[in-house]
């Protein structure tokens, strides 16, 4: 079974996939959208997948080693990192770190989102320790 079929399927053992892409977002008002909607010539390279991790902490430590805006090579593709996220079997997306562009000011900022509470509760309710 490929990873796309496993993300959010609700099954154990849980796995955590780190996904890295050159995509980033832009903000207008309170809305956040994909940059390709604003810049039609933007070419997404899609996501590249790091190996699955057995623990959230392992996946998060790998994310922490990556830098937005840095060039990386993975599976024969060069990426300028614009978005990093972690997805798992129980919840789907748990973590996202992305570059957020504001077209009104021309400035960019880094936006980080993390919510693993549902996964933690779901695992503990099944007698599995969340790590």
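Some notes on this structure:
- When DSSP beta bridges are restricted to pairs lying wholly in the chain, around 95% turn out antiparallel.
- For 96, 31, 112, 87, the sequence from fewest to most other C-beta atoms within 10 Å is 31, 112, 96, 87.
- Going by neighbour counts of Cβ atoms within 10 Å, the residues 17, 34 line up, fewest first, as 34, 17.
- Computed helical MRE - 222 nm, the chain, DSSP H runs ≥ 4 contributing -39500 (n - 2.57), nearest 500: -4500 deg cm²/dmol
- Global form of the chain, assessed from the alpha-carbon gyration tensor, a/c cut-off 1.5: prolate
- Whole-angstrom gap from the stretch 83-98 to the stretch 5-28, using each part's C-alpha centre: 4
- Value of relative contact order over the stretch 16-124, rounded to a whole percent, pairs C-alpha under 8 Å and six or more apart: 29
- Among 57, 120, 107, the residue with the largest mean-square fluctuation in a Gaussian network model of the chain, with springs joining Cα atoms closer than 10 Å, is 107.
- By the count of other C-beta atoms within 10 Å, a proxy for reagent exposure, 23, 88 are ordered fewest to most as 23, 88.
Only the coordinates and a few stated rules stand behind these numbers; no lab work does. Model, not experiment: these values are computed from the prediction. Cβ sites come from the backbone with ideal geometry, for glycine too, and all protein chains shown count toward neighbours.
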